[in-house]
Structures are given as C-alpha cells and as structure tokens.
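The structure appears below as structure tokens.
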Amino acid sequence: MSPRNEPVSESTSEQRREDAADWSPLARYLSEFFGTFLLVLGGVGTALFAANFPSDTNNSSGVGFLGVALAFGLTVMAGIAAVGHISGGHFNPAVTLGLLAAGRTDAKHVPGYLVSQVLGGLAGTSVIAIVLSGKRGAFAAAQDAGFASNGFGAHSPGGYGLGAVFLTEAVLTGVFVAVILSVTAKREYQALAPIGIGLTLTLIHLVSIPISNTSVNPARSIASAVYGGAAPLEQLWVFIVAPIIGGVVAGAIVRLARRRELA
C-alpha cells in the first residue's frame, strides 16, 4: 500500500504523469503558465472583442453568451491537449487545490502552480490590454465596462446578489473539479479527458455568465480585475474564496469516497 493507503497499481494516469521524473519543475510551471495564458487570452479576449450582452435592442451582433462559453471550453481543451501531459493541465488555482484535497497532485508543486497560473492569467489580459490600446478609446471603454471582470450586485450581468453569486461559484467549481477527477481517474478515459473537461467548462459558463460573468477560476478573475478598476478589485475576494471552497470540498468528498471504496 502507498502512504495514502491507495494501491500503487490503481494510480490515475494524471498521477503517473505528475510523478514522472522526465518533467522538471520548470517545465511544469511553464506549462501551467501557458495553459492559463491561453485560457484567459481566448476566453476573456472573446468576451471583450467579440461578445455583446444580449438585450431587447441589441441581440444580433457578436458571439453572445454561447460564443464566450465555447471560447473558454475550447481554450481549456486545447491547453490540456497541448501541455496536460507535462503538468496535468490544471490552469486554475481552485482545480490545483481541489486535486490536492483529493490526493491527486503532489503538494510540493502546488505553490509553483498557483504562482504560474496567476502570472499566466495576468499575461493574457496584458496582451488584450495592449491590443485594445491600438484603437482609440477601446481600452478605456473596456475598462469602464469592467474588463470582463466578475461581480455581484450592480456588477453582476443579471443583477444577482452576493449570496447567489457565492453559491453559484462554489457549487459550479465543485462540479468542475468532480468531473475532472472522474474523467482522469482511468486510463481508458485519457483520450476523452480534454473534451469532457472542455465541454463541462462550456456548460458552466452557459449557466453562470448571467449570474457572475463566470469565474470558477481565481486566476481568471484576478487577471480581469487588475484591469477592471476599483469595483472588480473590491469584489475580487468572492471569486477567490468561493471557487477555492468549492474545489477543495469536492476534492475532499471524492477522496473520502475513494477511501471508503478501498476499505
């Protein structure tokens, strides 16, 4: 038996990849940086450049909620396919901490993953900010609109309050982490994992864009809030705390269920 009371022969494909001696810590951290950069650049970039909030007077132009949801799903899918074999493809502090709670990632990598994810997200919004600066008034307009930041109350797309937003973020992050733990649990699911995870993130965005503008990822929220102004920064704590709580609780439940199964 392993120190975690789990048979080594039943370790997951992700666990085996993360334990592989072939990948240095630097390679892992650069992979997490790149994956988070891609996620934020693709998702937030689509929200700022290609989407409009549907209304009675403006519902025909832009990619809309569906386009933004697909952008986040496709970018996480591409990131996992590209570098998931190196780092596990977390691209999200809540996922990293959720997998840690589940016993599915090595604690020694967690600080480096968290820093890399935050820096990757900031690099993504920084590129977006530079591009917006190439058109007169575009950066100021995006900043005035919150830079695709998350929010509650007056800063929620649908006007939802703190309690509703906190619950939505926690529950949906928990669902996301649970799906990740499930689809990466067996070798036969390995090829389908990026698709399953990407489609789950798409579904989560379809549900929660009107509620909170969808975080489920503290790195994504930090990256937008830095350019979004005072209000997004004031409300940022919700989109750090709620996803982390949801991810850790989901990871702990899965780990407990696994131990009971082994017993």
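Given (1) in contact with a Leu (Cβ under 6 Å, 6 or more places away or on another chain); (2) in contact (Cβ under 8 Å) with a residue 40 or more places away in the chain; (3) of a type in the set (A, V, I, L, M, F, W, C); (4) open to solvent by 30 Å² or more (accessible area, probe 1.4 Å), identify the lone condition not met by F139.
(2)
Only residues in region 202-220 that are basic (K, R) count as the first member; pair them with residues that are part of a helix (DSSP H, G or I), Cβ under 6 angstrom, at least 6 apart or cross-chain, and list the lot.
R220/V40; R220/G121
Within region 155-177, can you find the residues that are of a type in the set (G, A, S), open to solvent by 40 Å² or more (accessible area, probe 1.4 Å) and farther than 23 Å from A230 by Cα?
none
If only one of F91, F72 is assigned to a helix (DSSP H, G or I), touching a Leu at 6+ places or on another chain (Cβ under 6 Å) and at pLDDT 95 or above, which one is it?
It is F72.
Among the residues of region 211-263, how many are among the polar types (S, T, N, Q) and either part of a helix (DSSP H, G or I) or over 20 Å from T173 (Cα atoms) (or both)? Quick ask: steps written out before the conclusion?
Filtering region 211-263 down to residues among the polar types (S, T, N, Q) leaves 212-215, 217, 221, 224, 235.
Subsequent filtering for residues that are either part of a helix (DSSP H, G or I) or over 20 Å from T173 (Cα atoms) (or both) retains 212, 221, 224, 235.
The total comes to 4.
In region 179-199, which residue that is within 14 Å of the chain's Cα centre (by Cα) and in contact (Cβ under 8 Å) with a residue 60 or more places away in the chain is most open to solvent (accessible area, probe 1.4 Å)?
Going through the qualifying residues, I end up with L199.
Which condition number in (1) outside any helix (DSSP H, G or I); (2) under 14 Å from the mean Cα position of the chain (by Cα) is the one that G151 fails?
It fails just one condition, (2).
The values are calculated or read from the model by the stated rules, or taken from the named source; none is laboratory data. The structure presented is a predicted model; accordingly, all values stated were derived computationally and were not measured. Methodologically, a virtual Cβ is constructed for each residue, glycine included, from the backbone with ideal geometry; neighbour enumeration extends over all protein chains shown. We work out accessible area using only protein heavy atoms, side chains counted, and drop any ligands, DNA or RNA first. Shrake-Rupley method; radii C 1.70, N 1.55, O 1.52, S 1.80 Å.
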